[in-house]
Amino acid sequence: MKQGKSKLGRRDFLRAMGAGAGLAVTAAAPLATEAVASETEEEKKKARYQANSTDVQSFYRVNRYPS
């Protein structure tokens, strides 16, 4: 005879995980907009790439093709 144990099915588990992920995304959305809103127009237009910086130079040094 079957016992009256309630088991959480695979579909119910996946449905609960999907709902939890959706709630996490909606909770994190306001945090991302605050960071974008804090950037001024001057900061948006400034040059960020610096070809002579050490990290860019080391990238190209490491990734050179052998001659």
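Using the per-residue mean of other Cβ atoms lying within 10 Å as a proxy for protection, in what order, highest first, do the peptides 41-54, 9-22 fall?
Per-residue mean Cβ counts within 10 Å order the peptides as 9-22, 41-54.
Please work out how much length the chain gains when fully extended from ARG11 to LYS46, using 0.36 nm per residue of separation minus the C-alpha to C-alpha distance, in nm with one decimal.
Length gained between ARG11 and LYS46: 7.6 nm.
With labels modelled as points extended 7 Å from the Cα through the Cβ direction, what inter-label distance (nm, one decimal) is found for SER53 paired with TYR65?
Between SER53 and TYR65, the simple spin-label model gives 2.7 nm.
Throughout, read-outs are computed from the coordinates displayed, never taken from laboratory work. The structure displayed is predicted, hence computed values, not measured ones. Don't worry about glycine lacking a Cβ; one is built from the backbone with ideal geometry, like all the others, and counts go over all protein chains shown.
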